[in-house]
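Below you'll find the structure, written out as structure tokens, and then a few comments.
Every read-out reported here was derived from the displayed coordinates using simple, explicitly stated rules and does not represent laboratory data. Not measured: the values here are computed from a predicted model. Here Cβ is always computed from backbone atoms with ideal geometry, including for glycine, and neighbour counts include all displayed protein chains.
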Amino acid sequence: MSFYAYVIQSKKHGRFYIGSCEDMTVRLERHNDGMTRSTKNGIPWIVKYTEIFETRSEAMRREKQIKSYKGGEAFKRLMK
């Protein structure tokens, strides 16, 4: 089983959302079906970045680290 840390971007307004999950395909569908309150207004979303981990805790730790980059140079480098 794999876990993901991911960054998606709204095609509507360009904003980014950072998260972690077990199934990237299902998670993206939930974002684009409006089933996630915090991303409902940005539909449609596209995947900009993913990393795969063996454990949920590793993915969540990486999600938190990427969130700490948001808007900074480290985040910009990650998106290139």
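Structural remarks
- Fluctuation leader among 62, 15, 37 - the chain, Gaussian network, Cα springs under 10 angstrom: 37
- The GNM of the chain, with springs linking C-alpha atoms under 10 angstrom apart, assigns the highest mean-square fluctuation among 60, 35, 24 to 35.
- Dipole moment magnitude, nearest 20 debye, the chain about Cα centre, only Lys, Arg, Asp, Glu C-beta charged: 480
- Per-selection Rg to Rh, the chain - Cα, Kirkwood hydrodynamic radius: 0.95
- Options 36, 25, 4, ranked by Cα towards positive dipole end of segment 1-63, top entry (Cβ charges): 36
- Lysine pair count for the chain with Cα-Cα distance under 15 Å and sequence separation of 8 or more or different chains is 10.
- Theoretical ellipticity at 222 nm over the chain - DSSP helices of four or more residues, -39500 (n - 2.57) apiece, nearest 500: -10500 deg cm²/dmol
- Contact order normalised by residue count of the chain, Cα under 8 Å, 6+ apart, percent: 37
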